[in-house]
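The values are calculated or read from the model by the stated rules, or taken from the named source; none is laboratory data. All values reported here derive from a predicted model rather than from experimental measurement. Here the Cβ positions follow ideal geometry from the backbone for every residue, glycine too, while neighbour counts run over all protein chains shown.
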Amino acid sequence: HADLVSVTFNPDGSVTVMDNGRGIPTDIHTGEGISAAEVIMRQLHAGGKFDQNSYKVSGGLHGVGVSVVNALSAWRKSKIRGNGQILEMSFTHGNADAPLKATGSYEQDKQPGTYEGRSGSQITFFPSAEPFTMVELDFGTLEHRLRELAFLNSGVRIILTDARHADVVRHELHYDGGLEEFVKYLDRVKKPLIDKPIAIRAERDGITVEVAMWWNDSYHENVLAFTNNIPQRDGGT
């Protein structure tokens with residue numbers, strides 16, 4: 001649903017992640033009596049409590065990632081855009097400062113590749129120094145991972161910005177070629193033995209499998225496997 005994602009290292013050491021997707025659900029959760037957004041932020045495995053058609057992340061419905069980030073952050077701020085409303089909520093050491101509340105509105109517009117008029121979510125967090133001895137995040141590690149995601153999600157534009165220093169670094173990651181372009185990137189300094197990668201895509205029982213292969217003049221193979229965007233270090237699915 002999203003075609004634009006921004007990740008920014010802010011000057012104060014916090015990180016802001018923003019997208020123009022459907023936005024985190026904000027309705028009152030029938031089982032908990034609080035907003036779905038608060039359930040997602042504070043409870044492990046909360047993702048499985050939501051209908052798969054209305055709330056689904058590429059890595060599955062385990063509901064661990066965002067609640068763990070919230071718990072391990074000194075503070076965290078959420079801004080959610082949906083149905084013309086802007087709603088905000090803040091947390092301190094994993095606990096909500098106040099219930100989710102409406103703070104503004106916007107004119108809805110479905111123009112692709114922009115945040116203007118689009119639904120979506122904006123999360124800003126500052127890692128807590130209580131569980132971590134070092135709270136400075138590594139730009140290179142995140143760039144590597146986001147580049148993988150840009151290849152695996154063809155057409156999605158990911159903007160990574162490091163504003164922690166005087167010279168701001170900004171990388172735009174956007175690849176329309178999917179896995180074919182991914183293997184070309186991996187082999188960019190090697191001599192190919194065939195003109196272009198072999199690409200295979202098939203779907204059965206609602207499961208899609210994509211494969212791209214390219215031979216080069218090196219003596220070592222490099223096999224990368226991903227399931228729902230999650231890297232499988234030992235291969236397999």
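Are there strands (runs of 3 or more DSSP E) fully within the stretch 140-211 with at least 2 residues that are exposed (fewer than 13 other Cβ atoms within 10 Å of the Cβ)? List them.
Output list reads 169-173, 198-204.
For every residue, the table says whether it meets (1) modelled with pLDDT of 85 or more; (2) farther than 16 Å from M18 by Cα; (3) outside the structural domain of F226 (by TED's automatic domain parsing).
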{"site": "N53", "(1), (2), (3)": "no, yes, yes"}
{"site": "V57", "(1), (2), (3)": "no, no, yes"}
{"site": "L61", "(1), (2), (3)": "no, yes, yes"}
{"site": "V69", "(1), (2), (3)": "yes, no, yes"}
{"site": "R76", "(1), (2), (3)": "yes, no, yes"}
{"site": "I80", "(1), (2), (3)": "yes, no, yes"}
{"site": "G104", "(1), (2), (3)": "yes, yes, yes"}
{"site": "Q108", "(1), (2), (3)": "no, yes, yes"}
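Only residues in the stretch 92-111 that are on the phi < 0 side of the Ramachandran plot and of a type in the set (A, V, I, L, M, F, W, C) count as the first member; pair them with residues that are in a loop (DSSP other than H, G, I, E, B) and modelled with pLDDT under 90, Cβ under 8 angstrom, at least 6 apart or cross-chain, and list the lot.
L100/T26
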